[in-house]
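Just below is one structure, and these are the notes that go with it.
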Amino acid sequence: MTDSEQLSAKQKAHKAKMEKHKQKVDSSIAAAKIERGVSILMTGNGKGKTSSAFGMVMRALGYKQKVGIIQFIKGAQDCGEADFIKAHCPSVDLYQMGTGFTWNTQDMDTDTAAAEKTWGLAEAMLKDPSYDLVILDELTYMLGYKYLDKDTVVNAIENRPSEQSVVVTGRGGGSKLRSIMDTVSDVKDIRHGYRDGLKARKGVDY
Ligand code: ATP
Ligand code: MG
């Protein structure tokens, strides 16, 4: 076989493989017929949960959709994505609990009160059909520490307007929350530079 014959056999095989793949993709696209808002849980120990949620914020804003963001925990530390939203996205409603990490405050009553107040804002968004996308960043810790009642949270997510999508981030979250979300991604921690002494990097980690 000449070089050009060999190349064309390779191209033919590639084309056949791609055609088969396309058929598979097309049939799964055709099989997905339900059209409504999606609930997504980004969990796991690896890096990428909050940054994924903000990637979806960018996507939604690209279609001029209305976005609401509630950041439980965040607010006490620098956070580039929140600063960007505040400076450049006036249409986005963003609230931060602002008490920092619980091991910094070490006061259960203060944390519970802050969590409940912040949850009130989240609950209002989850009832408001004008929001296309609601981000509940680090919400799972509020459940883990029992600052919020998990049934209340689960009910609010389940009963949100049908066209609204919601993204919850944070490690854990519990089996009840996992069971009701449409999409659950467990971000796996294979390595994090932090454990080798790498300092959190502005623009990458926060
Ligand atoms: P990111 O905001 O970068 O998407 P995340 O939301 O997945 O991270 P969080 O648990 O919210 O992760 O942690 C926020 C900060 O902690 C970020 O600076 C992130 O780089 C860092 N971080 C995330 N995962 C790990 C890990 N496994 N070990 C150490 N630090 C981590
Ligand atoms: Mg996070």
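The values are calculated or read from the model by the stated rules, or taken from the named source; none is laboratory data. No experiment lies behind these values; they were computed from the predicted model shown. Using ideal geometry, Cβ is built from the backbone for each residue, glycine included, and neighbour counts are taken over all protein chains shown. Protein only, heavy atoms only, side chains kept; ligands, DNA and RNA dropped before computing areas. Shrake-Rupley method; radii C 1.70, N 1.55, O 1.52, S 1.80 Å.
Quick rundown of the values:
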| quantity | calculated |
| --- | --- |
| Residue that is least open to solvent (accessible area, probe 1.4 Å) [pool: residues in region 133-146 that are more than 10 Å from the chain's Cα centre (by Cα) and away from ligand 1 (no atom under 16 Å from the Cβ)] | Leu133 |
| Residue within region 61-75 that is among the aromatic types (Phe, Trp, Tyr) and within 9 Å of ligand 1 (Cβ to nearest atom) present | no |
| Lone unmet requirement of (1) open to solvent by less than 50 Å² (accessible area, probe 1.4 Å); (2) of a type in the set (D, E, K, R); (3) touching a Leu at 6+ places or on another chain (Cβ under 8 Å) for Lys150 | (1) |
| Residues that are under 16 Å from Asp137 (Cβ atoms) and within 14 Å of ligand 2 (Cβ to nearest atom), drawn from region 180-206 | Ser185, Val187, Asp205, Tyr206 |
| In region 136-179, residue farthest from ligand 2 (Cβ to nearest atom) [restricted to those that are of a type in the set (D, E, K, R) and over 18 Å from Val38 (Cβ atoms)] | Asp151 |
| Selected residue [surrounded by fewer than 21 Cβ atoms within 10 Å (Cβ to Cβ), within 16 Å of ligand 1 (Cβ to nearest atom) and among the β-branched types (Val, Ile, Thr)] from Ile180, Ile190 | Ile190 |
| Residues of region 38-78 satisfying the condition of being over 12 Å from the mean Cα position of the chain (by Cα), within 16 Å of ligand 2 (Cβ to nearest atom) and within 22 Å of Ala124 (Cβ to Cβ) | Phe72, Ile73, Lys74, Gly75 |
| Unique match (being open to solvent by 40 Å² or more (accessible area, probe 1.4 Å) and among the hydroxyl-bearing types (Ser, Thr, Tyr)) among Ser175, Ser165 | Ser175 |
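Every residue, every condition in (1) among the charged types (D, E, K, R); (2) without any contact (Cβ under 8 Å) to a residue 60 or more places away in the chain; (3) near ligand 1 (Cβ under 10 Å from one of its atoms); (4) closer than 22 Å to Val67 by Cα, yes or no:
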| residue | (1), (2), (3), (4) |
| --- | --- |
| Ala124 | no, yes, no, yes |
| Tyr131 | no, no, no, yes |
| Ile157 | no, no, no, yes |
| Lys176 | yes, yes, no, no |
